[in-house]
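S.K.: Okay, here's the structure, questions in a sec.
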């Protein structure tokens, strides 16, 4: 850290300051301050202020000296989801949440502008469109990180490395809140903001020497200074750091690493200093509970639709909704777990574009019809128009295991009970209609179809024509018979959840869907049929199941292509489903 630069910068911002003030603010001894001041005066960087004894002013040469430390801009990381802030972040990225009526990212942008820093780039990912207005309002630039959903901040910083290269740059998190403006036109060396935490902490402890250079980093500590808040990358630091960042990004197994892991692992080779901040200056809200304590507005007026719904359904204040946790987002919906006193519940929020795919009125009808079977989750609230749903949470429950014969035997028993129940609803699940519907959606949204799509489509039409000639019976079917939708309770009971696609259909469609969702091979498909029928399958039954495996694969491949056009990706799921369509068509033809 350049002490001469620090002294010159402070005097430029605080004219007429005394040696004692310099010593206190810069945390340097009076002897060191005296030595630096004498050297600065000798080099004509500073001159003694004649009107006030014992004070100094910056000279023109001192101003020129500071130019090497001029901050070129700021990089703000805003690509992540913010899972600990659900359900708020289902609608709004974490950095766009308000604190005392001001969005966190906007507060930091305004603080940067106050010291003349206007070159600001925001790295976006999740809900990237929400940040577009900042371009018009503040003149910022947006950089999209396509890996935001599957990798951590190491990948985010890697994607933005050229913005840092050869420049003096702040690196900020969009969800930090800074009480006082801690930015400056000049910074005299790389640093990481730090706050002191008493007691045990899981934050990253900074170990440093007498000159405040960071010499070690440990995850977790006790009564220590920890990484917290903004960071400054000098051009010299970036020159050292970027090659290490690139090397780490290319290495296997680093997908979930923070960029600070590289700093920690290479700290002996990097020159960066601790920047101690006073208490109540820097805030990194870890979850909604912390934000509620800081800004009372969030206790009962979150302005979030899901929170308002829960409060209204249970006739409570939002502050009574506790223990909020993000559940794994499904392919169609987003859900969160919450607690009211001693009882836990799950609130489901439909995903984007879902209104085109699912008829919520029909889903609501199915739930009413199946109540006598007592095989579904317990519904507390169900909106047949927008798809919001609240159900009881089964503590200790687990999803069925596709590799467990015992689990799959129980699951097939539930499906057979549904199919033999005689329950009827007034709508069908028509796989031909659904395939054509998804096809139109893909075409209208610019979805990329497969090179051999026309050929495979013709084959699927052939399979559906064959099924029509068989005049198969229809029963109430679940359709989404994924093993993840079979919950096994601690007492052994099974609940079949998520009936969004359910309707009247050939019952063997459920076997086909279960097989493809489980990524079963051909032997496992045969075993699944044996478990369902409790006997060897007849030739027609096998052909029908194979047909639904092919058609189901084709259907869900189209579904995934459409969802991809909306910005949601599911890895190799699309390819796997399409391969089921091809492979089982060929299997049927051989039979």
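What follows is calculated from the coordinates using simple rules that are stated; it is not laboratory data. Since this is a predicted model, take the numbers as computed values, not measurements. Here Cβ is always computed from backbone atoms with ideal geometry, including for glycine, and neighbour counts include all displayed protein chains.
S.K.: Measure off 7 Å from each Cα along the Cα-to-Cβ vector at residue 265 and residue 397, then give the distance between these two points in nanometres to one decimal.
M.R.: Taking the two extended label points, one gets 4.1 nm.
S.K.: Still on this model: Which log10 I(q)/I(0) values does region 276-427 give at q = 0.17, 0.21 Å⁻¹ under the Debye formula, counting every alpha carbon as one identical point scatterer?
M.R.: Each listed q corresponds, in turn, to -1.16, -1.45.
S.K.: May I pose another question? Distance from the Cα centre of region 452-518 to that of region 117-136, in angstrom?
M.R.: Computed from Cα coordinates, the inter-centre distance equals 43 Å.
S.K.: Taking the alpha-carbon set of region 1-141, what are its Rg and Dmax in Å?
M.R.: So, for region 1-141, Rg and Dmax equal 20.9, 61 Å respectively.
S.K.: So, one more: For the chain, what relative contact order do you get, as a whole percent, if you take Cα pairs closer than 8 Å and at least 6 residues apart?
M.R.: Rounded, it is 9 percent for the chain.
S.K.: Here is a follow-up. With Rg and Dmax of the Cα atoms in Å in mind, check (1) 30.6, 105; (2) 39.7, 149; (3) 24.9, 77 and report the label derived from this structure.
M.R.: Label (1) holds the value from this structure.
S.K.: Quick one: helix 104-114 against the long Cα principal axis of the chain, what's the angle to the nearest 10°, folded into 0 to 90?
M.R.: 30 degrees
S.K.: Could you state the angle between the C-alpha long axis of helix 360-370 and the longest principal axis of the C-alpha atoms of the chain, as a value from 0 to 90 degrees rounded to the nearest 10?
M.R.: So the helix axis and the longest Cα principal axis differ by about 60 degrees.
S.K.: Size of region 475-532 along its principal axes in angstrom, Cα-based, largest extent first?
M.R.: Ordered largest first, region 475-532 gives principal extents of 31, 28, 17 Å.
S.K.: Same structure, new question: Suppose R0 equals 35 Å; then what is the FRET efficiency for residue 144 and residue 385 from their Cβ-Cβ distance, rounded to the nearest 0.05?
M.R.: Using R0 = 35 Å, I get an efficiency of 0.55.
S.K.: Continuing with the same structure: Among DSSP beta bridges lying fully in the chain, give the percent that are antiparallel, nearest 5.
M.R.: Counting only bridges with both partners in the chain, antiparallel ones make up about 75 percent.
S.K.: Also: Tell me the mean residue ellipticity at 222 nm calculated for the chain from its helices only (DSSP H runs of n ≥ 4, each -39500 (n - 2.57), averaged over every residue, nearest 500).
M.R.: Helices in the chain give a 222 nm mean residue ellipticity of -12500 deg cm²/dmol.
S.K.: A further question follows. Which value, to two decimals, describes the C-alpha radius of gyration of region 474-588 once divided by 2.2 N^0.38 Å?
M.R.: With N residues counted in region 474-588, Rg over 2.2 N^0.38 Å equals 1.09.
S.K.: Report the Rg/Rh value for region 304-393, based on alpha-carbon coordinates and the Kirkwood definition of Rh.
M.R.: 0.96
S.K.: Further question: Note the full-extension length gain between residue 137 and residue 223 as 0.36 nm times their separation in residues minus their Cα-Cα distance, in nm to one decimal.
M.R.: Here the segment from residue 137 to residue 223 would lengthen by 26.8 nm.
S.K.: Measuring from centroid to centroid over Cα atoms, what is the spacing of region 1-32 and region 521-591 in Å?
M.R.: One Cα centre to the other: 72 Å.
S.K.: Between residue 317 and residue 305, what is the label-point separation in nm under the 7 Å Cα-to-beta-carbon projection?
M.R.: Roughly 2.6 nm, to one decimal.
S.K.: At 4 °C and a viscosity of 1.567 mPa s, what translational diffusion coefficient does Stokes-Einstein give for region 73-288, taking Rh as the Kirkwood radius over Cα pairs? Give it in µm²/s as a whole number.
M.R.: Estimated via Stokes-Einstein, D reaches 74 µm²/s.
S.K.: Over region 201-330, what is the relative contact order in percent, taking alpha-carbon pairs closer than 8 angstrom and at least six residues apart?
M.R.: It comes to 20 percent, rounded to a whole number.
S.K.: How long are the three semi-axes of the equivalent ellipsoid of region 399-590, in whole Å, if each is the root of 5 times an eigenvalue of the C-alpha gyration tensor, listed from largest down?
M.R.: Calculated on Cα positions only, the semi-axes equal 26, 19, 17 Å.
S.K.: Angle, helix 305-314 long axis vs. longest principal axis of the chain, Cα atoms, 0 to 90°, nearest 10?
M.R.: That helix lies at roughly 60 degrees to the long axis.
S.K.: Mind giving me the nanometre distance, one decimal, between the label points for residue 57 and residue 294, set 7 Å out from Cα along Cα→Cβ?
M.R.: Simple spin-label model gives 4.1 nm for this pair.
S.K.: What relative contact order, as a whole-number percentage, does region 3-68 give when Cα pairs under 8 Å and 6 or more residues apart are counted?
M.R.: 37 percent
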